[in-house]
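J.: Let me begin by handing over the structure; questions about it come next.
The values are calculated or read from the model by the stated rules, or taken from the named source; none is laboratory data. Computed from a predicted model, the values in this text were never measured in an experiment. Every residue, glycine among them, receives a Cβ derived from its backbone with ideal geometry; neighbour counts consider all protein chains shown.
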Amino acid sequence: MTPFTVLMAEDDPDDRYLVGQAFRELEGPGDLRFVEDGEELMKYLVRRGEYADPSLSPRPSLILLDLNMPKKDGREVLVEIKKDPEFRRIPVVVWTTSKESVDKTECQEAGASAYVTKPIAYAELVHAIKELVTQYSPGSAAV
């Protein structure tokens, strides 16, 4: 069975910490890995630099993608992922503070699997992570 790996692209260390806590609290399948911007996400996917070893950088089963990041933002990365035949099947869930309908529409049109506005309360964050892990983990209908 292929391990379930969630890769989160998030530049905010507090958000990374909270999502990491929620993931551990759920004792979900697989593991959670982080990159800090869109450039690092693409390096991870193409296994370049520190991500060259597939045993240390397993193919993600799900990508959680922040929209507003330095270097290369989530919008650019989403388009890049969905244009690449090797990566387009990986579900990408946009995980953002943006409530703008134009952002949601653009992301849906670019191929995002879902668009989630970051919950403010920790209990809501845990619930949102649980829903995503359940939906996209092996054996679910979405995979």
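J.: Are any residues in region 51-65 surrounded by 15 or more Cβ atoms within 10 Å (Cβ to Cβ) and of a type in the set (A, V, I, L, M, F, W, C), and if so, which ones? Show your work before the answer.
T.: Filtering region 51-65 for residues surrounded by 15 or more Cβ atoms within 10 Å (Cβ to Cβ) gives 51, 57-65.
Matches in region 51-65: Leu62, Ile63, Leu64, Leu65.
J.: In a loop (DSSP other than H, G, I, E, B), without any contact (Cβ under 8 Å) to a residue 24 or more places away in the chain, farther than 23 Å from Tyr136 by Cα and of a type in the set (Asp, Glu), is that true of Asp53? Reasoning before the result, please.
T.: Working: in a loop (DSSP other than H, G, I, E, B): yes; without any contact (Cβ under 8 Å) to a residue 24 or more places away in the chain: yes; farther than 23 Å from Tyr136 by Cα: yes; of a type in the set (Asp, Glu): yes.
So Asp53 fits the description; yes.
J.: Could we say that Lys72 is over 14 Å from Met8 (Cα atoms) and either touching a residue at least 12 places away in the same chain (Cβ under 8 Å) or in contact with a Gly (Cβ under 8 Å, 6 or more places away or on another chain) (or both) here?
T.: Values: over 14 Å from Met8 (Cα atoms): yes; either touching a residue at least 12 places away in the same chain (Cβ under 8 Å) or in contact with a Gly (Cβ under 8 Å, 6 or more places away or on another chain) (or both): yes.
The answer is yes for Lys72.
J.: Condition check: surrounded by 20 or more Cβ atoms within 10 Å (Cβ to Cβ) and either in contact with a strand residue (DSSP E or B) (Cβ under 6 Å, 6 or more places away or on another chain) or not hydroxyl-bearing (Ser, Thr, Tyr) (or both). Does Leu41 satisfy that? Spell out the reasoning first.
T.: Details: surrounded by 20 or more Cβ atoms within 10 Å (Cβ to Cβ): yes; either in contact with a strand residue (DSSP E or B) (Cβ under 6 Å, 6 or more places away or on another chain) or not hydroxyl-bearing (Ser, Thr, Tyr) (or both): yes.
Yes.
J.: Now a separate question. Report whether or not Leu7 is out of contact with any Cys (no Cβ under 6 Å at 6 or more places or on another chain), more than 23 Å from Lys99 (Cα to Cα) and aliphatic (A, V, I, L, M). If you could, list the steps in order and put the result at the bottom.
T.: Details: out of contact with any Cys (no Cβ under 6 Å at 6 or more places or on another chain): yes; more than 23 Å from Lys99 (Cα to Cα): no; aliphatic (A, V, I, L, M): yes.
Judged against the criteria, Leu7 is not a match.
J.: Among the candidates Asp53, Asp37, single out the residue that is closer than 22 Å to Glu109 by Cα and of a type in the set (D, E, K, R).
T.: Numbers: Asp53 fails: closer than 22 Å to Glu109 by Cα.
Matching residue, one of Asp53, Asp37: Asp37.
J.: So which residues in region 87-97 are under 11 Å from Gly74 (Cβ atoms), out of contact with any Cys (no Cβ under 9 Å at 6 or more places or on another chain) and of a type in the set (S, T, N, Q), if there are any at all?
T.: Those that are under 11 Å from Gly74 (Cβ atoms), out of contact with any Cys (no Cβ under 9 Å at 6 or more places or on another chain) and of a type in the set (S, T, N, Q): none in region 87-97.
J.: Only one residue in Gly38, Gly49 is under 29 Å from Val102 (Cβ atoms) and either at pLDDT 90 or above or hydroxyl-bearing (Ser, Thr, Tyr) (or both), so which one is that? Give the steps one after another, and end with the answer.
T.: Numbers: Gly49 fails: under 29 Å from Val102 (Cβ atoms).
Answer to the check: Gly38.
J.: When you check Phe34 against the structure, is it closer than 24 Å to Pro70 by Cα and under 15 Å from the mean Cα position of the chain (by Cα), yes or no? Steps first, please.
T.: Numbers: closer than 24 Å to Pro70 by Cα: yes; under 15 Å from the mean Cα position of the chain (by Cα): yes.
Yes: the conditions hold for Phe34.
J.: Can you name every residue in region 1-11 that is surrounded by 15 or more Cβ atoms within 10 Å (Cβ to Cβ) and either part of a helix (DSSP H, G or I) or in contact with a Ser or Thr (Cβ under 9 Å, 6 or more places away or on another chain) (or both)? Before you say what the answer is, go through the steps one by one.
T.: First, the residues of region 1-11 that are surrounded by 15 or more Cβ atoms within 10 Å (Cβ to Cβ): 4-11.
Answer for region 1-11, where residues must be surrounded by 15 or more Cβ atoms within 10 Å (Cβ to Cβ) and either part of a helix (DSSP H, G or I) or in contact with a Ser or Thr (Cβ under 9 Å, 6 or more places away or on another chain) (or both): Phe4, Thr5, Val6, Leu7.
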